[in-house]
Amino acid sequence: MAEYKGIHGTKIQNYTSDPANPIIGQVWYNETSQTMKVESVTTVGSWATGGNLNTARSALGGAGIQTASLAFGGGPPPAPTALALTESYNGSAWTEVNDLNSQRAYVGGFGTYTSAIAVGGDQYAGITESWNGSSWTELADIPGASYSQSGTGGADNTSGISFGGGPLGIASYEWNGTSWTSAPALNQARSSLAGSGIQTAAIASGGGAGGGPTNYTNTEIWNGTSWTEVNDLNVGVRACRGSGSSTSALNFGGNNPPKNGPLAATNESWNGTSWTEDGDLNTARNVMAQGGGNQGGGNSLSITYGGGTPGATAATEEWTGAGALQTKTITSS
């Protein structure tokens, strides 16, 4: 039988700590932990624990990516008990920064942690605020004030699209950095849905029928001009969230049927054609922040934070999708 050296051209090396940049297939012995390890590629995605928010809350808005996120608003809802708090995440810890001008929950958001938009909220608030990296400025209200709508944007706070929302939203509106313009409506009216992508290429999935019992599996793709129905989710959820792009997305958490049904840890991944059940959240929750990566990146690196479990949580979870590098410990059979 061939030895490791004969296959790879080198012996298994000993290290006091894991090597900084191992290559796929590399095997080594860690003298400190007294374990044999190998660098491999993940075959399924998984969620890992990140740093907690400073203030536990649900129904909050979010923007940014896994290593640089922004959390704003939230509850317990509705106003005046809703919060205006804003926190910034650096990939390991959250820091409180300047508050929103208006305290609100069920707020939509998109953009980056230095250039974001907060839109809508409870009590049918149409307020739009823009974040410049240090403070919020109120700009033009969104028409048809609503809450629990989904928002997705571009590289900053100058472009985005908002769709759906309560009490039973079907409308879409595009943002140009200063004002909102009506866009073609969703095919299925719904609130508390998930959305991700960019202004010209977005995906909407799940959601609920306002105050009714129905949870939707419907998925629609936005091409910058119109919405088209595509393959459904495997499980109908509302108060769920999403991240990624219109061709590589996630839908996670929420409530399973009926309305106010059990909290969901469900996570499904979208490959541009269909949804597949993937690694579940560690903590079942709903109305958490929109997952990071909603500037159109794929679903390999996402984040979610806060939400109801059913009480408000400060927990953050970070997603690593299939195909990522991982270091595994080799155990004897």
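If I take every Cα pair under 8 Å that is 6 or more residues apart in the chain, average their sequence separation and divide by the length, what percent do I get for the relative contact order?
17 percent
Relative contact order of the stretch 139-255, please, whole-number percent, based on alpha carbon pairs below 8 angstrom and at least 6 residues apart.
On the way: 342 pairs, mean separation 23.6, N = 117.
Result for the stretch 139-255 is 20 percent.
What accessible area per residue, rounded to a whole number of Å², is obtained for the chain using a probe radius of 1.4 Å? Don't skip to the end; give the middle numbers.
Numbers: 13340 Å² over 333 residues.
Each residue of the chain exposes 40 Å² on average to a 1.4 Å probe.
Ligands, DNA and RNA left out, the accessible area of the chain computed with a 1.4 Å probe is 50% carbon and sulfur. If the segment from Ile12 to Asp99 were pulled out straight at 0.36 nm per residue, it would be longer than the present Cα-Cα gap by 25.9 nm.
Comparing Gly61, Gly164, Gly279 in a Gaussian network model of the chain (Cα springs below 10 Å), the most mobile by mean-square fluctuation is Gly279. Between Gly73, Gly51, Gly165, the residue with the greatest mean-square fluctuation in the GNM of the chain (Cα pairs under 10 Å linked by springs) is Gly51. Among Thr95, Thr200, Thr32, the residue with the largest mean-square fluctuation in a Gaussian network model of the chain, with springs joining Cα atoms closer than 10 Å, is Thr32. Within a straight-line Cα-Cα reach of under 14 Å, Lys37 can be paired with the following aspartates and glutamates, leaving aside sequence neighbours fewer than 8 residues apart in one chain: Asp18. The stretch 229-283 and the stretch 103-129 have Cα centres spaced 22 Å apart.
Among the listed options [x] 17.3; [y] 15.5; [z] 18.3, the one matching mean projected area of the Cα convex hull in nm² as calculated from these coordinates is [z].
The values are calculated or read from the model by the stated rules, or taken from the named source; none is laboratory data. Since we're looking at a predicted model, the values are computed, not measured. Ligands, DNA and RNA are excluded from the accessible area calculation, which covers all protein heavy atoms including side chains. Shrake-Rupley method; radii C 1.70, N 1.55, O 1.52, S 1.80 Å.
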